[in-house]
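**Q** There's a structure below that I have some questions on.
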Amino acid sequence: MNDNNRVAHRLAFLDGAAFSQADLESMAAEIEDNERIIAELEEFAQTTPWISLQVQPAGKKVGS
Amino acid sequence: MIDADILQLDLTDLSWRIAARQISSSETVRAALTRLEQLENKLNAFITVLRDQATVAAKQADEEIARGKYRGPLHGVPVTIKDMFETAGVRTTGGSKILADWIPNTDADLVEKLRAAGAIIIGKTNLDEFGHGGTSTLSHFGPVHNPWDVERIAGGSSGGSAAAVAAGIGPLSYGTETGSSVRRPASYCGIVGFKPTFGIISRHGSFRGAWSQDHVGLFARSVKDISLGLDAVAGYDPRDPASVQQDKPAYAFRLEAKIKGMKIGVPRRFLDSVTPAVKEAFDAALKVLADAGCEIVNIDIPELRYAAMTSNMTSSAESTGINRRWFRERHQDYVPHVARGIAVGMTITASEYLTVQRARQRIREAVRSAYERVAIIASPTTSRVAPLLSEGLKGNSDDTHHASFNHSNMLRFPSMLGLPGCSLPIGFSPEGMPIGMQLIGAWFADQTVLNSALAYQSETDWHTKRPALAPG
């Protein structure tokens with residue numbers, strides 16, 4: 001997928017919210033920035049465990 | 001006592017005089033409200049002023065104290081709160097057009113605790129919309145101005161709270177922080193700002209910015225006042241899933257300027273982008289701490305070069321989840337810059353968010369290891385003094401888009417990791433604007449942070465300086 005299509009694909013997440021052309025261009029630039037950030041963070045964190053917090057009630061103990 | 005003298009008193013002095021009935025809550029609240037109304041057209045620090053309710057509450061406080069029913073150090077004291085906290089029967093806007101007329105039925109936990117402590121809430125302060133920003137210019141109700149120079153920003157998002165305390169409109173204010181929204185405005189406005197460890201103060205009934213980074217924090221002119229204000233509102237609250245079990249708070253009782261032998265780490269690599277005036281003031285502040293018996297050591301935490309971008313991406317994704325419904329229905333009612341930010345956040349995928357959280361864990365482990373070597377990490381709070389309003393949003397010069405040794409990483413890592421942090425005034429720039437230093441402690445070392453900040457204030461008088469702001 002080329003850059004323009006990738007950004008357009010992401011903008012589709014906006015559920016049809018209308019923005020001016022200038023806003024869309026500014027948002028597209030930020031989205032591209034975010035993609036670079038994710039790539040950097042992916043490399044930085046690749047040996048770190050995935051988060052694995054569950055949702056048991058706080059304070060619950062074995063046998064209680 | 002005349003109004004001007006009352007407004008010079010800090011919380012500690014005001015409190016004992018009210019308790020001793022040397023001055024009344026009514027005259028104190030009246031003085032604060034008068035000051036507020038005289039300065040509001042210059043500062044725009046408030047969204048809602050509670051003159052009638054505060055006047056009635058102050059009279060009740062005076063009656064209770066006269067009957068011997070004294071509730072503690074905040075009894076009868078005028079305080080302000082950021083308009084992020086729900087107040088029963090009083091509109092709560094979040095700085096947004098979307099909630100411009102919304103009146104909640106219940107109080108936030110913070111408000112419940114303040115009322116129980118007998119504090120008199122005189123107003124709800126202006127902010128960046130729902131806490132999305134670092135300038136307090138992104139409010140539906142217009143920008144907040146800095147009391148030291150009204151052509152400059154107060155910082156955000158709790159800018160109205162910081163401006164109010166700096167201008168002498170009440171000795172204490174409560175705000176929130178997701179990225180740097182207490183420490184930054186405290187630094188820009190020349191006052192003390194403290195954000196405790198994640199979970200120490202309940203967030204129940206306050207709007208969420210990003211749930212895993214949101215904190216309640218507070219502003220005052222001295223560390224002693226901060227500890228009194230913290231004691232009144234800290235404590236376990238089962239309504240906030242992040243709230244932690246804790247003993248009855250006694251930060252003020254345990255406050256002592258005892259730092260001899262304490263190791264303070266300075267991450268020098270992150271200070272290259274700091275302006276010369278800020279660097280000079282920071283080095284002088286470190287010398288004060290060293291002369292008081294601290295050991296100042298260099299500390300290198302290279303993982304922190306990813307902190308600002310990790311914090312920013314976490315906030316962006318989490319705030320989208322919170323705003324999704326309003327955004328779908330009313331995105332045109334948001335402040336335009338905030339709407340664009342939420343829109344960009346909506347394009348972050350779940351797997352990308354999880355990648356960001358892995359990075360956050362790696363940074364946490366590096367910082368945890370650093371706190372095995374030092375008790376406090378110190379840095380300038382901000383890399384420069386408060387920007388001019390005319391500089392726009394770029395004035396804050398936050399570089400959050402790339403891994404780097406930019407100072408903005410220092411600003412963003414404490415909230416992202418839930419660490420206790422205090423910003424306190426350490427000097428002025430050549431143009432007369434305040435400069436701040438932040439002292440960051442390990443998780444639940446809130447008392448250590450407060451004690452080290454008190455030790456600094458015991459040796460200096462920067463926190464006693466007031467802006468020469470004339471009513472008008």
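**Q** What about B:SER212, is it of a type in the set (Ser, Thr, Tyr) and more than 9 Å from the chain's Cα centre (by Cα)? Explain how you work it out, then say what you get.
**A** Details: of a type in the set (Ser, Thr, Tyr): yes; more than 9 Å from the chain's Cα centre (by Cα): yes.
Answer is yes for this residue.
**Q** If you don't mind, another one. If I ask for residues that are of a type in the set (D, E, K, R), out of contact with any Ser or Thr (no Cβ under 9 Å at 6 or more places or on another chain) and buried (at least 17 other Cβ atoms within 10 Å of the Cβ), which ones from the range B:361-405 would you list?
**A** B:ARG364
**Q** Separate question: Would you mind telling me which numbered condition in (1) surrounded by 18 or more Cβ atoms within 10 Å (Cβ to Cβ); (2) more than 13 Å from chain A (Cβ to nearest Cβ); (3) modelled with pLDDT of 95 or more B:ILE322 fails?
**A** All conditions are met except number (3).
**Q** Quick one: B:ASP300 ticks every box in (1) away from chain A (no Cβ under 14 Å); (2) surrounded by fewer than 20 Cβ atoms within 10 Å (Cβ to Cβ); (3) touching a residue at least 60 places away in the same chain (Cβ under 8 Å) bar one, so which box is it?
**A** Condition (3) is where B:ASP300 drops out.
Quick grid of which residues meet (1) modelled with pLDDT of 95 or more; (2) within 26 Å of B:ASN323 (Cα to Cα); (3) within 14 Å of another protein chain (Cβ to nearest Cβ):
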residue	(1), (2), (3)
B:GLN361	yes, yes, yes
B:VAL385	yes, no, no
B:LEU388	yes, no, no
B:HIS401	no, yes, yes
B:SER404	no, no, yes
B:PHE413	yes, yes, no
B:PHE428	yes, no, no
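**Q** Let me ask something else about it. Quickly run through the range B:343-353 and pick out the residues that are surrounded by fewer than 24 Cβ atoms within 10 Å (Cβ to Cβ), in a helix (DSSP H, G or I) and more than 7 Å from every other protein chain (Cβ to nearest Cβ).
**A** Within the range B:343-353, B:ALA350, B:SER351, B:TYR353 qualify.
**Q** Further, regarding this structure: Condition test on B:SER187, is it of a type outside the set (Lys, Arg), within 22 Å of B:GLN438 (Cβ to Cβ), over 12 Å from the mean Cα position of the chain (by Cα) and part of a helix (DSSP H, G or I)?
**A** Working: of a type outside the set (Lys, Arg): yes; within 22 Å of B:GLN438 (Cβ to Cβ): yes; over 12 Å from the mean Cα position of the chain (by Cα): no; part of a helix (DSSP H, G or I): yes.
So B:SER187 fails the test.
Listed here are the residues, each with its yes/no results for (1) at pLDDT 90 or above; (2) facing chain B (nearest Cβ under 8 Å); (3) exposed (fewer than 12 other Cβ atoms within 10 Å of the Cβ).
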{"residue": "A:ASN2", "(1), (2), (3)": "no, no, yes"}
{"residue": "A:ASN5", "(1), (2), (3)": "no, no, yes"}
{"residue": "A:GLY16", "(1), (2), (3)": "no, no, yes"}
{"residue": "A:GLN21", "(1), (2), (3)": "yes, no, yes"}
{"residue": "A:GLU40", "(1), (2), (3)": "yes, yes, no"}
{"residue": "A:PHE44", "(1), (2), (3)": "yes, yes, no"}
{"residue": "A:LEU53", "(1), (2), (3)": "no, no, yes"}
{"residue": "A:LYS61", "(1), (2), (3)": "no, no, yes"}
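**Q** Sort out which residues of the range B:303-319 are within 16 Å of B:GLY179 (Cα to Cα), charged (D, E, K, R) and either outside any helix (DSSP H, G or I) or within 11 Å of chain A (Cβ to nearest Cβ) (or both), and write them in order of number.
**A** Result: B:ARG305, single match.
**Q** Condition first: within 15 Å of B:MET437 (Cα to Cα), free of Cβ contacts under 8 Å to residues at least 24 places away in the same chain and in a helix (DSSP H, G or I). Can you find one or more residues in the range B:210-233 that meet it?
**A** No: the range B:210-233 contains no residue that is within 15 Å of B:MET437 (Cα to Cα), free of Cβ contacts under 8 Å to residues at least 24 places away in the same chain and in a helix (DSSP H, G or I).
**Q** Now for a different question. Inside the range B:325-341, can you point out the residues that are charged (D, E, K, R), within 23 Å of B:GLY392 (Cβ to Cβ) and either more than 8 Å from chain A (Cβ to nearest Cβ) or outside any helix (DSSP H, G or I) (or both)?
**A** Of everything in the range B:325-341, just one residue is charged (D, E, K, R), within 23 Å of B:GLY392 (Cβ to Cβ) and either more than 8 Å from chain A (Cβ to nearest Cβ) or outside any helix (DSSP H, G or I) (or both), namely B:ASP333.
**Q** Can you name the number of the only condition in (1) of a type outside the set (A, V, I, L, M, F, W, C); (2) within 18 Å of B:LEU411 (Cβ to Cβ); (3) in contact with a helix residue (DSSP H, G or I) (Cβ under 8 Å, 6 or more places away or on another chain); (4) without any contact (Cβ under 8 Å) to a residue 60 or more places away in the chain that B:GLN332 fails?
**A** (2)
**Q** While we're here: Out of B:GLY392, B:GLY418, I need the residue that is under 18 Å from the mean Cα position of the chain (by Cα) and on the phi > 0 side of the Ramachandran plot. Which one?
**A** Values: B:GLY392 fails: under 18 Å from the mean Cα position of the chain (by Cα).
Result: B:GLY418 is the single residue among B:GLY392, B:GLY418 that is under 18 Å from the mean Cα position of the chain (by Cα) and on the phi > 0 side of the Ramachandran plot.
**Q** Can you name the number of the only condition in (1) more than 7 Å from chain B (Cβ to nearest Cβ); (2) modelled with pLDDT under 90 that A:GLU25 fails?
**A** (2)
**Q** Does B:THR176 satisfy the condition of being assigned to a loop (DSSP other than H, G, I, E, B), in contact (Cβ under 8 Å) with a residue 40 or more places away in the chain, touching an Asp or Glu at 6+ places or on another chain (Cβ under 8 Å) and not small (Gly, Ala, Ser)?
**A** So B:THR176 fails the test.
The values are calculated or read from the model by the stated rules, or taken from the named source; none is laboratory data. Remember, predicted model here, so these are calculated numbers, not experimental data. A quick note on method: Cβ atoms are made from the backbone with ideal geometry, for glycine too, and the neighbour counts reach across all protein chains shown.
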